[in-house]
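The values are calculated or read from the model by the stated rules, or taken from the named source; none is laboratory data. Bear in mind that the values here come from a model prediction, so they are computed numbers and not experimental data. Heads up, the Cβs are rebuilt from the backbone with ideal geometry, glycines too, and the neighbour counts pull from every protein chain shown. Side chains are part of the model used for accessible areas, which takes the heavy atoms of the whole protein and leaves out ligands, DNA and RNA. Shrake-Rupley method; radii C 1.70, N 1.55, O 1.52, S 1.80 Å.
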Amino acid sequence: MSMESAGAEFSAYAENETRHNSENVLSILSGVHRVALPSLSVRRFSCTQLSSVPEIAPELMAEHELLFILDGELTCIIGGESYTATAGDALYVAPGELRCRPDSKRPAAFMTICFWDDRTAASSAPTEFSFPHLIHYGSDADVCNTVEYLRRICEHETPDQRKKCLAALQLLLVQLDDFLLRYSQNEYVTAMKRYLLDHYREGVQLADLADHVGLHPVYCAKIFKLAEGITVGAFINQLRITRAAAQLECAVETSDVAEDLGLSEFYFSRWFRQMTGISPTEYRDTLRAGYHRG
């Protein structure tokens, strides 16, 4: 199904059942063309009424799973980490991740959508969906409206049920991505910058940073670049060059500066020249000459 068909399907629903919010919905639909998902397939979808949540054994996921908590509380272990979601939250599991659900005495009502991008299977390319495992979407009215629409689709079987589900899911993925980009600028990026400030001298990798904040590395890099205007690697270089310059100004030996930054002296000298255009020794000597002239 094309994105134009998906937008038309959802627009028809909005016109008939949510006239009070139609202008807002249509403004969202106007941007759907930005994301092309022609090969998206909905594999399974269901709604579970408020009841006790049965335990499920560890399972290696073969498809994407989005689980929206409608009422109560639900805990899943995804990739070895435990995530507890309540109403207004969603849990996301990517293909290839291990997911299980421990026994719980607390009831929950939830909606499960399992889907697949057929282009991934055909090309062995990495998935383009890289959401956090726990998504707090409840503050976003647009996402909530689409989740509610999906719930009604799942609960009432019709001849075109799967088509409607796919249409709404395509819109929902766009809305979630937009929402998370806005939200992450305050929460995740701040946490990433704090981690980098504490660990940049330890040779921190993107995977380490992603593990710390609970994001997929691809999504981690994406939101950091969007918020800061530079890559994670460039941000680390800025931190390193600032510290290196400060120490050289204090006449610290280049070998000691390199060791402080967790770099070999040879690599440090080459890297410093690439960043500044001169060697560390030349930088220090230039500063000393300036002090003597002063």
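Once both labels are positioned 7 Å from their Cα atoms along Cα-to-Cβ, the gap between Ala234 and Asp118 label points is 3.9 nm. To the nearest 20 debye, what charge dipole does the range 192-294 have about its Cα centre, counting +1 at the Cβ of each Lys and Arg and -1 at the Cβ of each Asp and Glu? For this selection, approximately 420 debye. The heavy atoms of Ser139 offer some 110 square angstrom of accessible surface to a 1.4 angstrom probe.
The calculated FRET efficiency for the pair Ala141 and Thr242, based on their C-beta separation and a Förster distance of 51 Å, comes to about 0.75.
Compactness check for the range 41-94: Cα Rg over 2.2 N^0.38 Å is 1.14. Estimated at 0.36 nm per residue, the fully extended path between Lys225 and Glu259 surpasses their Cα-Cα distance by 9.4 nm.
Working from label points 7 Å from Cα in the Cα-to-Cβ sense, the Glu55 to Leu98 distance is 1.7 nm. Going by the alpha-carbon gyration tensor, a ≥ b ≥ c the square roots of its eigenvalues, is the range 169-228 rounded (a/c under 1.5) or, if a/c is not under 1.5, prolate (a/b greater than b/c) versus oblate? Taking the square roots of the gyration eigenvalues as a ≥ b ≥ c, the range 169-228 is prolate.
Annotation for the range 193-282: GluC sites (Glu not before Pro) lying in DSSP loop with at most 15 further Cβ atoms inside 10 Å of their Cβ are Glu253.
Near Ile69: Cβ cut-off under 12 Å, other residues only, Lys/Arg at +1 and Asp/Glu at -1. The net charge is -1. Cross-link reach is defined here as a Cα-Cα straight distance under 29 Å, omitting same-chain residues fewer than 8 places apart; for Lys193 the lysines meeting it are Lys222, Lys225.
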